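Quick notes on the structure that follows.
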Amino acid sequence: MNKISFKGSNAIIRDIVSRFFVTGGDPARPCGEARARYVKAIEEIAATGPVEAHTLELLLDFLIAHGATGARLDELTGERADELVQLALDVETLRRYRRDGTILDVRVVDEWPF
Amino acid sequence: MARFGGWSGFGCRIECEGWSLMADQEHKEMLRRGVAAWNEWRRKNPRVVPDLSGTNIRVKELADVDFRGANLRGALLTGADMEGADLTGADLSHADLMAANLHRACLKNADLTHANLMEANLKDADLAGARLEQAILYRADLKGAECVCNCLWFNMLMDFAGGVQAVDRSDRGFYFEDVGGSFVENSFVATENSRLEITLSDPVSTQATYEILGALNRLYREVSEDELVGPIIKIGLSEDAGGEGRIDRGDGR
């Protein structure tokens with residue numbers, strides 16, 4: 001049995017699982033909000049970097065959904081695009097390991113105090 | 001004692017012990033005109049008690065709406081944006097407020113018994129004196145709200161649920177005076193924390209393990225002020241064998 005477990009915010013953990021792990025069926029689709037706001041930056045970063053536009057969109061949707069400020073998003077799609085690329089690579093890492101069977105199963109378990 | 005009053009601009013008005021009741025159709029029509037018009041109407045008619053009980057309120061943009069003392073019993077307000085709304089003393093019993101945004105709303109002395117507040121945003125809402133018996137609070141966000149309760153287990157539960165803080169008896173906070181044993185059976189409270197369990201292939205490379213740990217940590221920290229607790233890894237041993245070890249946060253790649 002090889003297992004990793006974390007404890008954290010229910011909302012964030014569930015969202016990470018639903019957006020970044022393919023647990024059957026189609027992978028999550030970008031909701032469009034990131035594309036609407038950052039399409040130019042997404043295309044530029046994807047054109048010059050090692051990550052796909054689709055992944056960047058998924059990632060920005062995730063950041064927006066969890067309250068990333070406009071300033072932080074502007075930063076990530078501007079002068080600190082390297083950090084966005086790193087996070088996008090992280091997303092691709094998780095998806096790759098899920099696809100190739102390194103990650104066999106992903107489960108979210110609610111924690112109760114008693 | 002009820003007595004008839006005059007005609008308002010929206011229909012027949014009945015005054016009852018200083019309060020007025022109007023046919024709800026006019027009130028619904030008034031609300032359809034938007035929050036600004038509604039609030040202005042309330043300002044001009046402070047003695048009218050809005051009656052929107054049992055109504056499917058289709059207007060969802062209700063930020064800053066003045067629902068003070070309103071009869072919203074059984075109203076459908078699913079997903080409504082009521083950020084900053086004034087619901088002081090409103091009757092919201094049996095109302096459906098699922099996924100409603102009640103951020104910074106004033107719910108002082110409101111009756112929320114049997115209300116469905118599943119996944120509602122109650123962050124920084126003022127719930128002082130509000131009644132919440134048998135309300136459904138499953139995954140409601142209660143950060144910043146305060147609970148007054150002398151029952152230890154319930155304090156623990158509420159502290160765990162959506163970040164609500166239990167406080168000593170005071171004028172602040174909301175009360176669960178009469179929860180009795182039925183509360184738990186009939187109500188639900190959010191779990192704020194979850195455990196993410198990832199089962200890996202056997203064997204698994206150290207590199208893959210660390211890459212997964214690092215990726216999850218970075219993604220989580222980007223959107224959270226808190227750190228992920230753990231991680232805990234179990235490698236190459238059965239759970240029964242107790243092969244569990246805490247490791248450093250997985251930022252190494």
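The values are calculated or read from the model by the stated rules, or taken from the named source; none is laboratory data. The structure displayed is predicted, hence computed values, not measured ones. So basically every Cβ, Gly included, is an ideal-geometry build from the backbone, and we count neighbours across all protein chains shown.
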statement: Taking the stretch B:31-48 and the residues there that are at negative phi and assigned to a loop (DSSP other than H, G, I, E, B), the one that is surrounded by the most Cβ atoms within 10 Å (Cβ to Cβ) would be B:N45
task: For B:L21, indicate whether it is modelled with pLDDT under 50, within 21 Å of B:G89 (Cα to Cα) and not charged (D, E, K, R).
output: yes
message: Given the options B:A95, B:A110, B:A90, name the one that is at pLDDT 85 or above, of a type in the set (G, A, S) and under 17 Å from B:W38 (Cβ atoms).
response: B:A90
- line: the stretch A:51-101: helices (runs of 4 or more DSSP H) wholly inside it with 1 or more residues that are under 15 Å from A:I16 (Cα atoms) and modelled with pLDDT under 95 are A:53-65, A:81-99
message: Criterion first (surrounded by fewer than 19 Cβ atoms within 10 Å (Cβ to Cβ) and within 12 Å of chain B (Cβ to nearest Cβ)) does A:D110 satisfy it?
response: yes
query: Taking the stretch A:34-87 as the search range and keeping residues that are surrounded by 19 or more Cβ atoms within 10 Å (Cβ to Cβ) and of a type in the set (D, E), which one is nearest to the other protein chains (Cβ to nearest Cβ)?
result: A:D61
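Among the candidates B:A115, B:A145, single out the residue that is modelled with pLDDT under 70 and surrounded by 21 or more Cβ atoms within 10 Å (Cβ to Cβ). Even if it seems obvious, please write down each step before you answer.
Details: B:A115 fails: modelled with pLDDT under 70.
The match here is B:A145.
Okay, residues lined up against (1) touching a helix residue (DSSP H, G or I) at 6+ places or on another chain (Cβ under 7 Å); (2) modelled with pLDDT of 60 or more; (3) more than 14 Å from chain A (Cβ to nearest Cβ):
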{"residue": "B:R169", "(1), (2), (3)": "no, no, yes"}
{"residue": "B:D178", "(1), (2), (3)": "no, no, yes"}
{"residue": "B:G181", "(1), (2), (3)": "no, no, yes"}
{"residue": "B:V204", "(1), (2), (3)": "no, yes, no"}
{"residue": "B:A208", "(1), (2), (3)": "yes, yes, no"}
{"residue": "B:L219", "(1), (2), (3)": "yes, yes, no"}
